[in-house]
1. Looking at the structure I just gave you, is A:Thr66 within 20 Å of A:Phe119 (Cβ to Cβ) and at pLDDT 95 or above?
2. State yes or no: is A:Arg198 part of a helix (DSSP H, G or I), basic (Lys, Arg), surrounded by 21 or more Cβ atoms within 10 Å (Cβ to Cβ) and not assigned by TED's automatic domain parsing to the domain that holds A:Val17?
3. Could you tell me which residue of the stretch A:80-102 is nearest to the other protein chains (Cβ to nearest Cβ), considering only residues that are surrounded by fewer than 21 Cβ atoms within 10 Å (Cβ to Cβ) and in contact with a Gly (Cβ under 9 Å, 6 or more places away or on another chain)?
4. Output the residues belonging to the stretch A:108-144 that are aliphatic (A, V, I, L, M), facing chain B (nearest Cβ under 9 Å) and either in a helix (DSSP H, G or I) or over 27 Å from A:Ala170 (Cβ atoms) (or both).
5. Within the stretch A:173-192, is even one residue polar (S, T, N, Q) and within 11 Å of chain B (Cβ to nearest Cβ)?
6. Checking the condition within 15 Å of the chain's Cα centre (by Cα), part of a loop (DSSP other than H, G, I, E, B) and of a type outside the set (Asp, Glu), which residue from A:Leu105, A:Leu52 passes?
7. For the stretch B:50-68, enumerate the residues that are in contact (Cβ under 8 Å) with a residue 12 or more places away in the chain and more than 7 Å from chain A (Cβ to nearest Cβ).
2 protein chains.
Amino acid sequence: MKLYDSTMAPNPRRVRVFMAEKGVDCENIQVDIIKGENLDESFLSINPRGLLPTLVLDDGTVIDETVAICRYIEETHPEPPLLGSDAISKAHIEARQRHMEFDGLLAAADAFRNSFPGFSSRGLAGNAGSVDAIPALAERGKNAMLRFYESLDTALNGSAFIAGETFSIADITALCTIDFAAGAARVPIPDHCSNVQRWHAEVSARPSAEA
Amino acid sequence: MKLYDSTMAPNPRRVRVFMAEKGVDCENIQVDIIKGENLDESFLSINPRGLLPTLVLDDGTVIDETVAICRYIEETHPEPPLLGSDAISKAHIEARQRHMEFDGLLAAADAFRNSFPGFSSRGLAGNAGSVDAIPALAERGKNAMLRFYESLDTALNGSAFIAGETFSIADITALCTIDFAAGAARVPIPDHCSNVQRWHAEVSARPSAEA
């Protein structure tokens, strides 16, 4: 398998951490998003949407979406389960993972993409053509990210992980979201969100967080 | 089971169509989003994020997210499979379903929510507080939806359904996205997108589309 990857972006890291938790190895090919290598013909011929991560299997099958790649890895390497183990836990983990995406990752992406000077005409990710950044959307994203921290702090009160007592894909999405928000988007965890701080220190200490 | 539902919104319809394809019945409780009933204390006590659909199982378990509800239904009512049947088809369907969400549904939602007068201070869905609509985001969403139609038209050339030869959750997401875009967001399928027109007529003729 080959993973088309970018170490600066949050979505590819979600896959790297997921694979590290499973002990799955994979050839790694870096694609520089800032330079726009994801929009070069050579990459668009693999993934026409121009987005990372993209996994190419040994038989040439392309899986071009973050959670779909994780789903494939979960199906082919079931242990440890990161997407749940019965109907209720699968549903609960999926819900929490999607809360992390829609409330957190989209907010952080709005904050970053609409304020980063290099993306002033790349307001949407991937092969969307010239799209102006919207400064008001950067501000909205920053405020939404701050609300996300508050909500997550409440949810983590008395809970070891994002979806309960077991580490799951929801923790991976949240970790990659928060590290991206704190770095690229400049919205770090507020000091008073002590449950988020505690959880973040714990998941960051797992070997997979290095991925 | 009880489904907290709104017939005017695309996400609850995704669950209704999914259940109809499976032949699953469920008590239905309407929540009026325009009137803000989703932000009433009585509903927030069930789903603090204030979003629909929300499923409550007979034992009181709450599943508060569209695809998580579909996952639960798929696990408890496996036939016909709508989320795939092996590692590759599960990954492919998940990828296509998420393309429909991120490229289509989010675009249509941006176009609607940032131009509908009743949501001028409800720029984000659910319990996000007062968030100003961003007119430039409505325009960006409309343009993104038009690009989505073009891309979908290419993908449907020679393909019966969104993820290949089998009807799946990806078709349900696309159907609900497009009907919402054409109605509430006023971005109908362009006449020249004949593959999308053909596919839309076919999936709209399925009994589940009435749900």
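The values are calculated or read from the model by the stated rules, or taken from the named source; none is laboratory data. Owing to the predicted nature of the structure, the values given are computational and were not obtained by experimental measurement. All Cβ positions, even for glycine, are placed from backbone atoms using ideal geometry, and neighbour counts span all protein chains on display.
1. Here the answer is yes, as A:Thr66 does meet what is asked.
2. no
3. Among those residues, the one meeting the criterion is A:Lys90.
4. If the condition is that a residue be aliphatic (A, V, I, L, M), facing chain B (nearest Cβ under 9 Å) and either in a helix (DSSP H, G or I) or over 27 Å from A:Ala170 (Cβ atoms) (or both), then A:Ala128, A:Val131, A:Ile134, A:Ala136, A:Leu137, A:Ala144 are the ones that fit.
5. No, because not a single residue in the stretch A:173-192 is polar (S, T, N, Q) and within 11 Å of chain B (Cβ to nearest Cβ).
6. A:Leu52
7. B:Gly50, B:Leu51, B:Leu52, B:Pro53, B:Thr54, B:Leu55, B:Val56, B:Leu57, B:Asp58, B:Val62, B:Thr66
Residue-wise test of (1) of a type in the set (Asp, Glu); (2) free of Cβ contacts under 8 Å to residues at least 24 places away in the same chain.
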| position | (1), (2) |
| --- | --- |
| B:Leu83 | no, no |
| B:Asp86 | yes, yes |
| B:Ile93 | no, no |
| B:Arg96 | no, no |
| B:Met100 | no, no |
| B:Phe112 | no, no |
| B:Ile134 | no, yes |
| B:Arg140 | no, no |
| B:Ala144 | no, no |
